Every structure is written in C-alpha cells, then in structure tokens.
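Below: the structure, in structure tokens.
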Amino acid sequence: GSKGSMASTLGVLSDAERLFIVHGVQDDLRSDGRACEDYRHMEVETDVVSNTSGSARLRLGNTDILVGVKAEMGEPDPGRPKEGKLEFFVDCSANASPEFEGRGGEELAIEVSNALQRIFSSRSTLDLTALCIIPAGQCWVLYVDVLVLECGGNLFDAVSLAVKAALFNTRIPTVLVTADDEGQQEIELSDDPYDVKRLDVENVPLIVTLSKIGHRHVVDASWEEELCSLARLTVGVTQKGTIAGLNKEGSGSLDPESIYEMVQVCLFVCLFM
Amino acid sequence: MPGDSRRVPGPQESRSPHFYRKPEAHKNDGRRQDGRGPQDVRPVYLHAGVVSQATGSAYIEMGQTKVIAAVYGPREIAQREEFTMKGRLTCEVKFATFSCTKRRQHIQDSHEKDWSLIVLQALEPAVCLDRFPKSQVDVYITVLQNDGSALAAAITCASVGLADAGVMMYDVVAGCSMDQGTAEHGMVTVALLPSLNQVSALVLDGHLQQQTAVQAVKSCITGCHGLYPIIKDCLVTSTQRNIPTTGRQTGQPDANG
C-alpha cells in the first residue's frame, strides 16, 4: 500500500522560509528571481553512455537525470502480436538524497514510473509496429531505464524530457529475416554499425507539473517550493496540444476553477518547450 | 518468481480465451453497450458496516462493478520511530484475482500501487489527521468485480468506510469517472468533496483535446454532486441501524446518553 506524500521524503522547511516563499509567489517573484511560469536553465546531452542503444542526460536546475535505452529482442504480447514493447524502470539512486538509501526511494520511483506509463499508454505516442520483427514471433523490446542522480525538484518534467531525448537518440539495428532450408525463420543482424533505424518521437508527450502554492501556481518548482505546495497537477502534453494524461498529486485539494486555469497554463508553457 | 505455496500451480503458460475473441463493433448512435446515454450514471448501491471485524467498512455496487472497503484504526503507528503530530493514513487497493477479464496476479502490481496512491491522496484532504497524532488509520480496498469505473467506486467506498469507522472528516469524498472521445480516447476520474467543492483527485488516462478534457471534468463534478445524497442516505441509514432499539427495564438513563 501507499504511505506518504513525496514531500515528506525530501526534508523539512522552517515556517519562516515557507512564508517567505508563499509571499514571494503571490507577487510573482520566486526565490531565484524567476516568474511563476519560468523554467530553470536546462541542459540536455545525448549519446552519453556507450553501451546503450540510446541515452540522454538532462540537467534542470539542480535536478540531474540519466536515461539509458537498451533494445533487446523478445516475444511480443499475445494480444498485440504486431507491436513491440516499451518497459520503464526508474531508480532513485542513493546519490540523489540520503533519504533514498535502501528502499527509501522506491515509492518515489514507482510514482515516476506510473506517470511515464500513463503518458505512454496511448497508441498514438510511439509507433510500436515499427518495432516488430516477426509478427507473433519476435519484436524489439525497449528497456528505458531512468536513473535519478540528483533530485532538485520537478522530477516528473525532467524525467519526461530526458526520456524523450533518449528515445530520439535510440538506434535500433536493422534486421533481416530470412527463411532457411527447413522453412524456419532466421534473424540476421546487419554488419554495418551505421545501418540503423531511428524512432519517430514527434508525438511523445512531455510532462508539465504545476504546483499550487498559496493561491497561485508555479511551473518547475524547486525542492523548497515543492515542500510548500500541498497539491500538484502533472499534465502530459503533446506537441499538437493534446492532453496525454493528467494526475493530481499531493495531500491537498484543488478548486475546480483553478484546475481549468492550470490546464490552460500547462498547454501554454508546453508550447514554449 | 516466488511460488505461492497455498496454490497448486497450473500450467506455466496459460492464456485467457478472450485473446481469440473478435473485437466487438462499437455502436455509433451515441448510446453505450448497455443502452445508456453518455451522461447517464449507473444505479448505485451503497451499504455501510459490512465487515464486522473492522472499525468501519462499506460495500458499493455501481452497475456490475463491486468494491468493498474496510477501515482499521486509529491504531498505533506501525513503525515506532516515525513520530508525527499528524495522524497517518495508509491505503491499499487490490483487485481480486478473478475480478477482471484477464486473471490478475495475487501480488500487488504497479497498477494497483498507482491506484493506492491516488485513493490515498483523494482521501487525505477530507480526513482531520491532526485529531489522531502518533496513530494511523489503514484503509483496505478490494475490487471484487471490475466492470469499469472501479477507481471512482473505490474512492467513494473508502470514504463511506472511513465515515462508518467514526474517523473525523471535513467532508465525504465522492468519485465519478467518464470515458470520453471518439477519435482520441481518454478516461477521466474525479474525486470531489461535495460540500466544500474541492477536487481531491483528478486522473486522465489516454489522450484528449483540452476542451474535451475540461468538459469531461465538469461532467464528472456534476456526477459527484449527484452521488452525495446517496452517500448521506447510506450513512444515516447505517447509523439508525446501530442505535440500540431494546427498551431499558430499570428505566434509568443509559450511560451513553
């Protein structure tokens, strides 16, 4: 079962600091000088891990995420014989925070993993039929492994960005399926290391998290701001402006009117990313 | 994979016959398979006080979806080191292995863990946690039969269970869900605190346009408000059932008043 909110694992904040942040947000001025709808400085680098089929490293303020994608051959789902598979695994390493030692980071990792599965649940996100090798026989299984190196707030946005970058970077070797003398199908990997297939990640959504602080909401909350917010809305948005998943998080409640406003802001912000 | 010693293991590879079933054609006249219009809610049956061993419990039927919730507590917090001035609420959602079309595992999987967190965060704003420091209240929800809207049913059932347990709450929580969209498909579930008009859970699975999503959320909120009188009715009935009806022979007032 579930036991607590994310905020409780990331430390404590004094009442004075909390008040300072809440009052600042009311005046559209955050601790680091940003406005409510500004993101922190972002750095993305792809192809950082050589043993993977695709990888990316993303730094958003103090949050550092490393994603590695490994493509392996496996059997497709019996219900979807012409499609490949995508599997997510999130690991909050003990480096990121002392609270993540041992099993501490597991709950947070499950939350992030569920958020990823929610935005990738629709068939229009990624064309899985491109990952098919032999229908009902073999397909490509993409293991997307996310490693949280440092947690400085706004984990969901950073992870979704890093995953999209890593999938963009993924190179799948071209395979040749031939039938040998006995009628069995043989799979041959192409000799040329540059003979690869890339994935079309245009429809992959990104997550925008809006944290409600006081009566206003902020985008890209730092870890101190996250501790001040009782409720967060994580919205998955595609490039076309479709909403690809929505989840309210945190132990507080939201006003219906503010929800409609927050969704509007999410779409607006996403178009700039 | 640890084996379950209570069970005689079946064949390693087994498949449900549903895989071989042809997909059903969807009717295009705007009516759903059971003849309902898009805004019609299924009839709801709610009963509180079904599990005698639990502090509080509830059972809900929304059409063919059946969910039962049991609440234990407030009781001593499991891990002694965690001292908190606020009480703690824990929640566990489990699908019975026979509840869905495809047989589920007996160990809680990631989907159930996801739902456990959603239901927990839906209930937390409604419960007066500061009334039971150093204690925890455990909510256990089992979905007995899943015919859609199980999350909404689970949230409603859990909040009635909490009220039945006598846990102090600011408001009950009503859950409602809606399936939307033709070209793109999405399912919206909303949990609402009706008298405070605050949304405590909001989940969208799938893809929807912004207008459609906002419309779906509004319809769900209306649905939640419609569920409120049923919840109130159920709790009043169960309280009346619990009042001792036997007369006193001595004629002296009862110690409980």
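The values are calculated or read from the model by the stated rules, or taken from the named source; none is laboratory data. Please read these numbers as outputs of a predicted model, since none were measured by experiment. No Cβ is skipped: glycine too gets one built from the backbone with ideal geometry, and neighbour counts run over all protein chains shown. Accessible surface is based on the protein model in full, side chains and every heavy atom, while ligands, DNA and RNA are left aside. Shrake-Rupley method; radii C 1.70, N 1.55, O 1.52, S 1.80 Å.
Show me, for segment B:129-144, the HN-Hα J-couplings you get by feeding each phi into the Karplus relation (A = 6.51, B = -1.76, C = 1.60, θ = phi - 60°), rounded to Hz, glycine and proline as x.
Once rounded to whole Hz, the list reads 5, 6, 7, 9, x, 6, 10, 9, 10, 9, 10, 10, 10, 10, 8, 7.
Would you check the accessible area of A:F268, probe 1.4 Å, heavy atoms only, in square angstrom rounded to 10?
110 Å²
Let me make sure I get this right: for segment A:36-84, a, b and c are the square roots of the gyration tensor eigenvalues over alpha carbons, sorted descending. Under 1.5 in a/c it's rounded, otherwise prolate if a/b > b/c, else oblate. Which is it?
Oblate, because a/c is 1.5 or more while a/b does not exceed b/c.
I'd like the FRET efficiency for A:E261 and B:M168, computed as 1/(1 + (r/R0)^6) with the beta carbon distance as r and R0 of 30 Å, rounded to 0.05.
Step by step, r from the Cβ atoms, then E = 0.40.
Roughly how big is the A-B contact, given as buried accessible area in Å² (both sides, 1.4 Å probe, nearest 100)?
3200 Å²
What is the list of residues in segment A:112-149 whose amide nitrogen lies under 20 Å from a point 7 angstrom out from the Cα of A:D180, following Cα to Cβ?
Flagged as within label range: A:133-135, A:137-139.
Carbon and sulfur together cover what percent of the accessible area of segment A:91-192 at a 1.4 Å probe radius?
Carbon with sulfur: 48 percent of the solvent-accessible area.
Taking H as built 1.01 Å from N, whose amide H comes closer than 5 Å to the amide H of A:L149, not counting residues under 5 places away?
A:D64, A:I65, A:L66
Return the long-range amide H neighbours of B:Q198 (sequence gap of 5 or more, or a different chain), with a cut-off of under 5 Å between placed amide H atoms.
Amide H neighbours of B:Q198: B:L193.
Calculate the FRET efficiency for B:N242 and B:Q145 from the Cβ-Cβ distance with a Förster distance of 35 Å, rounded to the nearest 0.05.
Result of the calculation: an efficiency of 0.80.
Which of the GluC sites (Glu not before Pro) found in segment A:153-221 are loop residues per DSSP with 14 or fewer other Cβ atoms within 10 Å of their Cβ?
Answer by residue number: A:E182, A:E202.
For B:K86, what residues show an amide H to amide H distance below 5 Å, using hydrogens built from the backbone and excluding near sequence neighbours?
It is B:K134, by chain and number.
How much mean residue ellipticity at 222 nm does the protein assembly as shown get from its helices, if each DSSP H run of length 4 or more adds -39500 (n - 2.57) and you divide by all residues, to the nearest 500 deg cm²/dmol?
-7500 deg cm²/dmol
Take peptide A:117-127, look around each residue's Cβ out to 10 angstrom, count Cβ atoms belonging to other protein chains, and average those counts.
Average per residue, whole number: 3.
Quick one: what are the phi-derived ³J(HN,Hα) couplings along segment A:81-87, Karplus 6.51/-1.76/1.60 with θ = phi - 60°, whole Hz, x for glycine and proline?
Residue by residue, segment A:81-87 yields x, 9, 10, x, 10, 10, 10 Hz.
Which of rounded, prolate or oblate describes chain A when judged by the alpha-carbon gyration tensor and an a/c cut-off of 1.5?
prolate
Please turn the phi angles of segment B:203-208 into ³J(HN,Hα) values with the Karplus equation 6.51 cos²θ - 1.76 cosθ + 1.60 (θ = phi - 60°), one per residue in order, whole Hz, x for glycine and proline.
Rounded to whole hertz, the list is 10, 10, 10, x, 10, 9.
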